[in-house]
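The values are calculated or read from the model by the stated rules, or taken from the named source; none is laboratory data. Predicted, not measured: the structure shown is a model, and the values here were computed from it. Note that each Cβ is placed from the backbone with ideal geometry, even for glycine, and that neighbours are counted across all protein chains shown. Heads up: the accessible areas ignore ligands, DNA and RNA and are worked out on the full protein's heavy atoms, side chains in. Shrake-Rupley method; radii C 1.70, N 1.55, O 1.52, S 1.80 Å.
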Amino acid sequence: MPTTLEHDRLRALATGFAILGSGGGGATTMLELVLSDPGVWPFELHAVDDLDPATPCLALGFVGSTLLLGERLPGTDPFGRLIGAAERWLGHRIPAICSLEGGGVNGLTPFAFAADRLIVDADLTGRAVPSLDQMSLLVDEVPGIVVTCDTGGGGVALVETERALDIERVVRAAIVQAGGSGGMVYAGFTVGDLREHAIVGNATRAVQLGAAFLGAASGSLDELSGSMGGRLLAEGRVSAIEADRNDPHVLAFAIDGSGGQVHRLVARSETLALMTDGRVEAAAPDLIVVLDTVSRDILEVSAISMARQVAVIRIDGPGWWSRTPERLRRVLPSAYGLDELDEVHTDGVPV
């Protein structure tokens, strides 16, 4: 039986996806506003095992700069042309929909654009990730995937390839042409494919994490961490922000710990690792959540600023990524050129 989500679950759902963003994925505010009308609720959330495995499915989300979404709002039907192009190419209607990315704004996206489609409780990442070739269907090399995306001016690009890197490069180029942000649709797979090749139950996890966070937000940081099944790793003041000399997209935040520790938070568009006194304590695919200790706001990487008082909490990442060495290799810090930060996951384990 599907799970019914009422309007009063919106805040918990959005908060949970902000946590799953691990510092990235974009603010959920725009989609919260889209979904704020109680008249569009409730939503029926279908577990993968409750649907016919042969049911065609699509995954959708926004790609490119999430900051631009707040400056240039998408139209009333930003995915209609993209879905239509995928359905024409495949030759059939696609009745089910899931999230492309299970963290940040894209966790909520299927709810806003589901209309007459079944919402499946699954997504292709389980957390925010920076690259389009990191989608689980591509990591597991599921055949027949078709991708459509915006090109700007009402245009649509369609990519069908067996090489995942083509999707990253071609779609990224199209989105740049579209102005830096736009929509993307993955199709050509079924609900049955999601059982093995996707992160299932992630929307349910988002509701649970969000409800736990909201219920404990006024308590101590240890209580807040524990309510989410996490662990408080750091608390202190941001004392320095440095770009990596080899990759300017990688930032290191020095945090002067309240107990005298020296913490170093490493991030790209998402948080990738935390070290304390030179020891790696957490690394992707762990969820590394940064909070403002005063407001208890969940911070994106772009909001971590000098002199801000922050707390860093580690929460288990999606288990899907750790089930095979090949999957794990795609989300470790070394996937971003930071080999020395892998040790928390790879000590004695070949990947």
Tell me the Kirkwood hydrodynamic radius of the stretch 248-331 in angstroms, computed as one over the mean inverse distance between distinct C-alpha pairs.
-> 13.6
Given H placed 1.01 Å from N in the peptide plane, which residues other than close sequence neighbours of Glu281 have an amide H under 5 Å from its amide H?
-> Leu274, Met275, Thr276
Calculated SAXS-style log₁₀ I(q)/I(0) at q = 0.09, 0.14 Å⁻¹ - the chain, Debye, Cα scatterers | -0.46, -1.15
If amide H atoms are built 1.01 Å from N in the plane of the peptide, which residues on other chains or at least 5 residues away come under 5 Å of the amide H of Leu118?
-> Ala96, Ile97
Relative contact order of the chain (C-alpha contacts under 8 Å, at least 6 apart) in percent is 19
Share antiparallel - DSSP beta bridges, the chain, percent rounded to 5 | 85
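On average, how much accessible surface per residue is there in the chain, in Å², for a 1.4 Å probe, leaving out ligands, DNA and RNA?
Accessible area per residue, the chain: 41 Å².
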C-alpha center-to-center spacing [the stretch 176-216, the stretch 1-47] in angstrom | 11
Can you pull the one-decimal nm distance between simple spin-label points at Glu223 and Ser239, each 7 Å off the Cα toward Cβ?
-> 3.0
Residue-wise, which Karplus ³J(HN,Hα) couplings in Hz belong to the stretch 2-14, taking 6.51 cos²θ - 1.76 cosθ + 1.60, θ = phi - 60°, and x for glycine or proline?
-> x, 8, 8, 9, 8, 4, 6, 8, 4, 5, 5, 4, 5
Whole-Hz couplings from phi, Karplus 6.51/-1.76/1.60, listed for the stretch 296-306; x for Gly and Pro | 6, 5, 7, 9, 7, 3, 5, 9, 7, 10, 4
Using 7 Å Cα-to-Cβ label points, what is the Asp49/Glu326 separation (nm, one decimal)?
-> 2.6
Can you give the FRET efficiency for His7 and Thr293, using 1/(1 + (r/R0)^6), R0 = 30 Å, r = Cβ-Cβ distance, to the nearest 0.05?
-> 0.45
In the Gaussian network model of the chain, springs joining C-alpha atoms below 10 Å, which of Leu224, Leu165, Leu108 carries the largest mean-square fluctuation?
-> Leu165
Note, ³J(HN,Hα) from phi for the stretch 232-248, Karplus 6.51, -1.76, 1.60, rounded to Hz, x at Gly and Pro = 6, 9, 7, 8, x, 10, 5, 10, 7, 9, 10, 7, 5, 5, 8, 8, x
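Which value, in nm² and rounded to one decimal, describes the direction-averaged projected area of the C-alpha convex hull of the stretch 192-351?
10.0
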Output the peptides 89-96, 279-286, 195-202, 211-218 sorted from most to least packed, where packing is the average of other Cβ atoms within 10 Å over each peptide's residues.
-> 279-286, 195-202, 211-218, 89-96
Value of [θ]222 nm, deg cm²/dmol, for the chain, DSSP H segments ≥ 4, -39500 (n - 2.57) each, nearest 500 = -7500 deg cm²/dmol
To the nearest 0.05, what FRET efficiency results for Trp41 and Leu214 with a Förster distance of 30 Å applied to their C-beta separation?
-> 0.95
Efficiency by 1/(1 + (r/R0)^6): what FRET value for Asp277 and Arg93, r their Cβ-Cβ distance, R0 = 51 Å, to the nearest 0.05?
-> 0.35
Could you look at the chain and say what percent of its accessible area is carbon and sulfur, using a 1.4 Å probe and all protein chains?
-> 50
Sequence-distant or interchain residues sharing an amide H contact under 5 Å with Gly102, placed H: which?
-> Leu124, Thr125, Gly126, Arg127
